[in-house]
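The values are calculated or read from the model by the stated rules, or taken from the named source; none is laboratory data. Keep in mind it's a predicted model, so treat the numbers as computed, not measured. Every residue, glycine among them, receives a Cβ derived from its backbone with ideal geometry; neighbour counts consider all protein chains shown.
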Amino acid sequence: MPKVKANSITMNYDQQGTGEPLILIPYLSADHACYAFQVAEYAEHFTCISLDLRGTGETDNPASAYSTELLADDVVAFMRALGIAKAHVSGLSLGAAIGMWLASKYPNTVKSLSLHSGWPKTDPYLTAVITGFQVMAKAMESVPEMAILALFPWCFTPELFCHQARLHPVIGSFRAKPTSAVC
Amino acid sequence: MQQSNAVIAHDAESQLSRITAPTLITFGRYDRATSTRFADRMKGRICNSELMIFEGCAHAPIYEKVEEFNDRTLQFLKHYAG
């Protein structure tokens, strides 16, 4: 996988397809591979660039505090490092939260914005969900196990969750890192 | 824990009105974490936005209904390409 230096960290990414650039921003704990099902089709129309956010995949994991604004700064620096002046930007969940900051702080860099399962400001309900997720993640050593037990019940309907065989390809988006490093 | 702490601290409410790019906002009908309770605030504050709901999905329509998700989101992306 190619890597590039941006915003004082080394960022890992994948690039597939041809056409206008489409930046795909992952969700919490996932790496660039989380969009494999979309890239398979998007790449027929766009140059799909899916990246690993700081703390996930093969991108650096600095010990300092993160914010969605900082992660947006990373993505803009990443785009500049690749020579991309303007791109379509898409993200799910945390990726959408980052997309909001990116499109509002750097409006000239975004041609279109896709916000999937996003939210404008964390409310007490979402805080409870994520705090519970943190508690479970601390108790687990395996990232795939953490994803299945702590994350997936929130991601999928009970019907889909019970058909775990259909989720196996999704688990590939979670690397074998200590849970403390990726959450 | 840094990423999840960033999620808990996320507040882009005041930023939304500054977004000028054409924006697609989607939710899964049965999502509880980021449910459609957020839809009106996002749609109302992002001036050039459209809302799309994926029926029968929770938080991850990208996996739950891959074909429908790809078809509908590609339609938006292709509309604003070129």
List pairs: first in the stretch B:59-71 and facing chain A (nearest Cβ under 7 Å), second outside any loop (DSSP other than H, G, I, E, B) and surrounded by fewer than 18 Cβ atoms within 10 Å (Cβ to Cβ), Cβ under 6 Å, 6+ apart or cross-chain? B:66/A:37
Restricting the search to the stretch A:107-142, which residues are small (Gly, Ala, Ser) and either touching a strand residue (DSSP E or B) at 6+ places or on another chain (Cβ under 8 Å) or under 26 Å from residue A:73 (Cβ atoms) (or both)? A:112, A:114, A:117, A:118, A:137
I need the full set of residues from the stretch B:25-82 which are closer than 13 Å to residue A:96 by Cβ and aromatic (Phe, Trp, Tyr), in order please. B:27, B:38
Quick check, is residue A:56 at the interface with chain B (Cβ under 10 Å from one of its Cβ atoms) and among the hydroxyl-bearing types (Ser, Thr, Tyr)? yes
Condition first: in contact (Cβ under 8 Å) with a residue 40 or more places away in the chain and in a loop (DSSP other than H, G, I, E, B). Now tell me which residues in the stretch B:21-30 satisfy that. B:22
Lone qualifier among B:14, B:49 - being closer than 19 Å to residue A:104 by Cβ, of a type in the set (Ser, Thr, Tyr) and touching a strand residue (DSSP E or B) at 6+ places or on another chain (Cβ under 6 Å): B:49
Note on the stretch A:91-116: residues part of a loop (DSSP other than H, G, I, E, B) and without any contact (Cβ under 8 Å) to a residue 60 or more places away in the chain are A:106
Could you please give the count of residues in the stretch B:44-65 that are more than 20 Å from residue A:28 (Cβ to Cβ) and not in a loop (DSSP other than H, G, I, E, B)? 7
With respect to residue B:33, is the statement that it is under 27 Å from residue A:109 (Cβ atoms) and either without any contact (Cβ under 8 Å) to a residue 60 or more places away in the chain or assigned to a loop (DSSP other than H, G, I, E, B) (or both) true? no
Return the total of residues in the stretch A:70-90 being more than 17 Å from the chain's Cα centre (by Cα) and either part of a helix (DSSP H, G or I) or among the aliphatic types (A, V, I, L, M) (or both). 5
Residues (buried (at least 22 other Cβ atoms within 10 Å of the Cβ) and among the acidic types (Asp, Glu)) located in the stretch A:66-107: A:74
Would the stretch A:33-41 turn up any residue that is within 9 Å of another protein chain (Cβ to nearest Cβ), modelled with pLDDT of 95 or more and buried (at least 21 other Cβ atoms within 10 Å of the Cβ)? yes
Need the failing condition index for residue A:22 against (1) more than 8 Å from every other protein chain (Cβ to nearest Cβ); (2) of a type in the set (A, V, I, L, M); (3) assigned to a strand (DSSP E or B), just the number. (1)
Return the residues of the stretch A:40-69 that are touching a residue at least 40 places away in the same chain (Cβ under 8 Å) and outside any strand (DSSP E or B); say none if nothing qualifies. A:52, A:53, A:54, A:55, A:56, A:57, A:58, A:59, A:60, A:61, A:62
Out of (1) over 17 Å from the mean Cα position of the chain (by Cα); (2) surrounded by fewer than 17 Cβ atoms within 10 Å (Cβ to Cβ); (3) among the polar types (S, T, N, Q), the one residue A:10 does not meet is (1)
For the stretch B:27-57, how many residues meet the condition of being within 7 Å of another protein chain (Cβ to nearest Cβ), among the hydroxyl-bearing types (Ser, Thr, Tyr) and more than 30 Å from residue A:140 (Cβ to Cβ)? 0
